[in-house]
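Engineer: Got a structure for you, questions after.
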Amino acid sequence: MLPARPGLVVFDLDGTLVDSAPDIAQAVDIMLGRLGLPEAGEVRVRGWVGNGVEMLVKRALTGAVRPAGEPPRFREALAWFMDAYAEHMCDRSRLYPGVRDGLARIKAGGFPTACVTNKHSRFTQTLLEQLGLAPYLDFVGSGDQFAQHKPHPEPLLKTAAHFGIAPAQSLMVGDSANDAEAAHRAGFMLALVPYGYHGAVDLAALEPDVVVKSIAELPGLFEAL
């Protein structure tokens, strides 16, 4: 259970609010095709999402989860990915069940809300607007707007400071080890969802305060505190 009623609720985007992997995978495969390389496919790309666009492209070019250095033609590939994803980012991306209802109820309950993602700002706001989530979020922080990406705590700490709310009174809601590490290092409470892009990671090992089946469960938890 959560140790306290949160004063701020911060959501991850990809894998938590939105299943964006189909469109990300399509853009990756378009990029690889322009380079004369074989397609990666959605299953592999799902395992590469979560550390920002530059890391995604490096993983696609090398096939490595932790690529070393900058692979050949990286800058060219990055530009092609950015253009392809801008064109296709809302083709097949969908909200996870319970997201809209949960966000609406949290917002109606008077809780400040934010989305903090490693996704580039070129895409974040458009995706949130196209999927109808922008009205439920008071603040949006993208990967290129911070000096560090999650799992570094800086994005969460700066978001809490923006609202003037102590980290210990803030809740991070995510799906991955990146979200969990960022929350723990920032001193946030942590809620995880069992879907998303965490792969084979055991959620219990990430030490969340609570695991919720959907975002729609959160308002009930808050009301009980």
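What follows is calculated from the coordinates using simple rules that are stated; it is not laboratory data. Values in this document were obtained by computation on a predicted structure and should not be read as measured data. As a convention, Cβ positions derive from the backbone with ideal geometry for all residues, glycine included, and neighbour counts pool all protein chains shown.
Engineer: What lysines does LYS213 reach when the alpha-carbon gap must be under 21 Å and sequence neighbours fewer than 8 apart in one chain are set aside?
Structural biologist: Correct list for LYS213: LYS107.
Engineer: A further question follows. Could you give the length gained on full extension between ARG185 and ARG92, defined as 0.36 nm per residue of separation minus the Cα-Cα distance, in nm?
Structural biologist: Numbers: separation 93, 0.36 × 93 = 33.48 nm, distance 3.38 nm.
Full-extension gain reported as 30.1 nm.
Engineer: Counting helices only, and only those DSSP H runs with n ≥ 4, report the 222 nm mean residue ellipticity of the chain as the sum of -39,500 (n - 2.57) divided by its residues, in deg cm²/dmol to the nearest 500.
Structural biologist: So the calculated ellipticity at 222 nm is -11500 deg cm²/dmol.
Engineer: If you fit an axis through the alpha-carbon atoms of helix 99-108 and take the longest principal axis of the Cα set of the chain, what angle between them do you get, 0 to 90°, nearest 10?
Structural biologist: Between the helix axis and the principal axis of the chain, the angle is about 40 degrees.
Engineer: Still on this structure, I have one more. If packing is taken as the average count of other Cβ atoms within 10 Å, what order do 179-186, 201-208 fall into, highest mean first?
Structural biologist: 179-186, 201-208
Engineer: Principal axes first, then extents: for the Cα atoms of the stretch 81-130, list largest minus smallest coordinate on each axis, whole Å, largest first.
Structural biologist: 39, 20, 15
Engineer: Among the aspartates and glutamates, select those whose C-alpha is under 18 Å from the C-alpha of LYS58, and discard any that sit fewer than 8 residues away in the same chain.
Structural biologist: ASP23, ASP29, GLU39, GLU42, GLU70, GLU76, ASP83, ASP144
Engineer: Mind checking the full-extension length gain between MET1 and VAL211? Use 0.36 nm per residue of separation minus the Cα-Cα distance, one decimal, nm.
Structural biologist: Here the answer is 74.7 nm.
Engineer: Grab the beta carbon distance between GLU42 and THR62, set R0 = 22 Å, and tell me the FRET efficiency rounded to 0.05.
Structural biologist: Approximately 0.75, to the nearest 0.05.
Engineer: Pairwise over distinct Cα atoms, reciprocal of the mean inverse distance: report the Kirkwood radius of the stretch 21-88 in Å, one decimal place.
Structural biologist: Every distinct Cα pair counted, the radius reaches 11.5 Å.
Engineer: Shape of the stretch 92-225 from its Cα gyration tensor (a ≥ b ≥ c, root eigenvalues): rounded if a/c is under 1.5, otherwise prolate when a/b > b/c, or oblate? Show your work: numbers first, answer last.
Structural biologist: Details: a/c = 1.12, a/b = 1.01, b/c = 1.11.
It comes out rounded by the Cα gyration axes.
Engineer: Per the Kirkwood formula on distinct C-alpha pairs, the Rh of the chain is how many angstrom?
Structural biologist: Evaluated over the chain, this radius sits at 17.6 Å.
Engineer: What is the helix-to-structure angle for 154-163, meaning the angle in degrees between its Cα long axis and the longest Cα principal axis of the chain, kept from 0 to 90 and rounded to the nearest 10?
Structural biologist: Relative to the chain, helix 154-163 is tipped by roughly 40 degrees.
Engineer: For helix 177-186, report the angle its Cα long axis makes with the longest principal axis of the Cα atoms of the chain; keep it between 0 and 90° and round to the nearest 10°.
Structural biologist: Tilt relative to the chain: about 50 degrees.
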